[in-house]
Each structure stands twice: as C-alpha cells, then as structure tokens.
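Scroll down for the structure; my scribbles are underneath it.
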Amino acid sequence: MSFHVEFLKPGDGRWRQTLALLALALCCASSAGAETFSELLDRAERNEAAAQFELGRRHERGEIVGTHYAEAVRWYQKAAEQGYAEAQFALG
C-alpha cells in the first residue's frame, strides 16, 4: 500500500475544499458511535455501572449543561458501589 502526499499552498484553489473535507471527516469521526444523553441516562438508571461512570465523567467535565460536581459524585458513587474501578479511582 502506498500513499501520495501533496501539500497545498494558500494560493491553490483546492485548499478550502480540502480543509472543508477534513473538518467534515473529523466531525463525523468524533460523533461516530456517540450516545445521546437520554440513552446514557436510561442505561445509568438501569444500574449499568459503565453508564453511571460515563454520566459522572460528563458532569465533571461540563459536557452536559456545565460542570456539576455534585451530580458527578452521585453517579461515580453509584458506579463505585458496584465495584467499577474507574469510578472508585475518580472518587479518590
């Protein structure tokens, strides 16, 4: 397998198209397999430790509505009580 690498210069009319395609690819790659908040919450409420941990992580990082440490701790504790090691580590 071989690859062809070609560097585009700002004066080249193709650089905008290439940049747009790269942005689209990155956008799609980051959302591939992404779980919606409601799906994650549903799994967490069904007592799935991995979902509880992920919900705690998202609250801690402010990926839901804003940083909400009390909610993060609540979900981490639920996961930790089930023996989920990453949640136990997150709680200290």
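Some notes on this structure:
- In the assembled protein chains, GLU54 presents an accessible area of approximately 40 Å² (probe radius 1.4 Å).
- Rounded, prolate or oblate (a/c below 1.5 giving rounded, otherwise prolate when a/b exceeds b/c) for segment 40-92 by Cα gyration tensor: oblate
The values are calculated or read from the model by the stated rules, or taken from the named source; none is laboratory data. Nothing here was measured: the structure is a model prediction, and the numbers come from that model. The protein model used for the area step is the full one, side chains on, heavy atoms only, and it has no ligands, DNA or RNA in it. Shrake-Rupley method; radii C 1.70, N 1.55, O 1.52, S 1.80 Å.
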